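Encoded as structure tokens, the structure appears first; notes follow it.
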Amino acid sequence: MMNIRNLHKSFHRHEVIRGVDLSVHRGDVVVILGPSGSGKTTLLRTLNFLERADEGEMEFGQLKLRMPRATAKEIAEVRKRTGFVFQNYNLFNNKTALENVTEGLVAGRGIPVANAVDIARRALGKVGLSDRLDYYPSRLSGGQQQRVGIARAIATDPDVILFDEPTSALDPELVGEILAIMRNLAAEGTTMVVVTHELSFAREVANRIVFMDGGLILEEGSPADFFASPKEERTRQFLRRLDSVGR
Amino acid sequence: MNFNLDFFVRTFFLALAGLPVTVGLTACTLALAAPCALAFALVRMYRVRFFDKAVALYVTFLRGTPIVLQILIIYSILPSALNAVALRSGWKLDVFAVNPFWYALFVFTLNTSAILSEVFRSAILTVDRGQLEAALAAGLSHFHAWKRIVLPQAFLVALPNLSNATVNLIKSTSLAFMMTVRDVTAIAKIEASYGYNYIEAYLDIFIVYALLGFAVQWAFSAFERRLGSWRKKALFR
């Protein structure tokens, strides 16, 4: 469904992504692992053009484009078919939880308000926030805010949802809630690309692991293969370190 | 020293007749300067080539020079310049019949747009970049992202400074009398000149401006309270 070829991205002459290919099929749950600075967040952000790649080709459904030359129209089309969940939630501070979810429907897609409210209620119900519809983000906990963020992403029924370390800013008790919601989404067949450090999620929910280091994909495979018998030394090193931290 | 109470009370009400001009000048200036200032702020934030430097220069110049001098210079030059343009293009314009209100509006708009552009720029800078990114990622156009998410939040932050700028503008319009505009100050000074009752006159306009200033500040505070219901509780009360 989505194919990326030869992706490159530099920030001020420091090449952060040095030639990455990625394929995402419908129903995939792709988890991207890697140390900080490996380029995994940047990779995710180039997929919906929050960062502009220096080089790379994207095939997304019927769309074929060269990423550095993508027009505003093409970018808008990609964004309409993707959802993004941010590490620090990025909820619209001046809108209630319900309005946060309807915003993308009404202003982004011209859906009539009444329909949008229905869709939003259902999405918020799915993440367990039916009793907080009229709360502003300033009165929601971190976990609740992230749940609104997820509702906001699923409400528009995107082809693929991108998650940028969705639980990294949450305290350990709340991490589980969010992972459970993501697990349910995956079980329903939602296509997801997730950058995370949560190895248990990767092991149990992903159907493909991508390991990045230094701007390149070092290893790729099913969770079983990846965790049981990593091929590269660097991968083994990474897994050893994470395991020793006691996750 | 005599204090002419009769004159004091009488002139107070005469000066009030200048309020429409003072308030009108302030309101029109704000209405014209605000959109320009927003455009200037966005030009600088998006770093539009050449224009961002031009705007920065314009702002520095107009904020850094005394408004009294801006008034004197423009009032000396603008009518003659307009006259020259009118003659050359065959436009029928008697520059000396033009209501000085328009010259005043021109000067104050120039000055206020410079000040407000900094108010807006600093307010926009307080809004986290993630708000814009989330809006774009949710499928909003740049226009909608700014209009519905970023600018409302920036506006709320700008309100105290806007209140400040408005009150300063009201005070600055007291200089419009130099362009023969019949505002509150002009009327009071003219009345005073008949019998040299300057002290009473100055006290009168002082009170008028004070009342005006209080009213504006109160209005802005109320507005800020109403609009800001979505905010976190402030750190200090």
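The values are calculated or read from the model by the stated rules, or taken from the named source; none is laboratory data. These numbers come from a predicted model, not from an experiment. Note: ideal-geometry Cβ built from the backbone for every residue, glycine included; neighbour counts use all protein chains shown. For the accessible areas, the whole protein counts, side chains as well, though only heavy atoms, and no ligand, DNA or RNA atoms are used. Shrake-Rupley method; radii C 1.70, N 1.55, O 1.52, S 1.80 Å.
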Strands (runs of 3 or more DSSP E) lying entirely in region A:145-247 (those with 2 or more residues that are modelled with pLDDT of 95 or more, under 28 Å from A:HIS14 (Cα atoms) and open to solvent by 70 Å² or more (accessible area, probe 1.4 Å)): none
Selection from region A:118-139 of residues that are within 13 Å of chain B (Cβ to nearest Cβ) and more than 24 Å from the chain's Cα centre (by Cα): A:ASP134, A:TYR135, A:ARG139
Residue under evaluation B:LEU116, criteria (1) at pLDDT 90 or above; (2) open to solvent by 50 Å² or more (accessible area, probe 1.4 Å); (3) not hydroxyl-bearing (Ser, Thr, Tyr), criterion not met: (2)
Boolean, A:GLY34 is away from chain B (no Cβ under 14 Å) and closer than 19 Å to A:PRO158 by Cα: no
Matching residues, region B:44-71, being touching a helix residue (DSSP H, G or I) at 6+ places or on another chain (Cβ under 7 Å) and open to solvent by 80 Å² or more (accessible area, probe 1.4 Å): B:PHE51, B:ARG63
Test: B:PHE120 is among the hydrophobic types (A, V, I, L, M, F, W, C), in contact with a helix residue (DSSP H, G or I) (Cβ under 8 Å, 6 or more places away or on another chain), assigned to a helix (DSSP H, G or I) and away from chain A (no Cβ under 14 Å): yes
Helices (runs of 4 or more DSSP H) wholly inside region B:127-237 containing at least 3 residues that are aromatic (Phe, Trp, Tyr) and without any contact (Cβ under 8 Å) to a residue 12 or more places away in the chain: B:198-227
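Tell me which residues, restricted to region A:60-117, are in a loop (DSSP other than H, G, I, E, B), within 14 Å of chain B (Cβ to nearest Cβ), of a type outside the set (Lys, Arg) and in contact (Cβ under 8 Å) with a residue 60 or more places away in the chain.
A:PHE86, A:GLN87, A:ASN88, A:TYR89, A:LEU91, listed by residue number.
Which one is nearest to the chain's Cα centre (by Cα) among residues in region B:191-214 that are under 15 Å from B:LYS171 (Cβ atoms), surrounded by 13 or more Cβ atoms within 10 Å (Cβ to Cβ) and among the hydrophobic types (A, V, I, L, M, F, W, C)?
As a first pass, look at region B:191-214 and keep what is under 15 Å from B:LYS171 (Cβ atoms): B:202, B:205-214.
With the extra rule that they be surrounded by 13 or more Cβ atoms within 10 Å (Cβ to Cβ), the set shrinks to B:202, B:205, B:207-209, B:212-213.
Cutting the leftovers down to among the hydrophobic types (A, V, I, L, M, F, W, C) gives us B:205, B:207-208, B:212.
Details: B:ILE205: 19, B:ILE207: 20, B:VAL208: 18, B:LEU212: 14 Å.
Filtering region B:191-214 for residues that are under 15 Å from B:LYS171 (Cβ atoms), surrounded by 13 or more Cβ atoms within 10 Å (Cβ to Cβ) and among the hydrophobic types (A, V, I, L, M, F, W, C), the one nearest to the chain's Cα centre (by Cα) comes out as B:LEU212.
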Residue selected from region A:121-144 under the condition in a helix (DSSP H, G or I) and of a type in the set (Ser, Thr, Tyr), by the criterion surrounded by the fewest Cβ atoms within 10 Å (Cβ to Cβ): A:SER130
So B:ALA201, is it under 20 Å from B:THR29 (Cβ atoms) and either more than 14 Å from chain A (Cβ to nearest Cβ) or touching a helix residue (DSSP H, G or I) at 6+ places or on another chain (Cβ under 6 Å) (or both): no
Every residue from region B:13-43 that is crowded, with 18+ Cβ neighbours inside 10 Å and farther than 30 Å from B:TRP146 by Cα: B:ALA15, B:GLY18, B:VAL21, B:THR22
Residue within region A:94-113 that is among the polar types (S, T, N, Q) and surrounded by fewer than 20 Cβ atoms within 10 Å (Cβ to Cβ) present: no
Sole residue being open to solvent by less than 50 Å² (accessible area, probe 1.4 Å) and more than 22 Å from B:THR185 (Cα to Cα), chosen from B:VAL95, B:VAL85: B:VAL95
Near pairs, Cβ below 8 angstrom, 6+ apart or cross-chain, from region B:1-28 (among the acidic types (Asp, Glu)) to any residue that is at pLDDT 85 or above: none
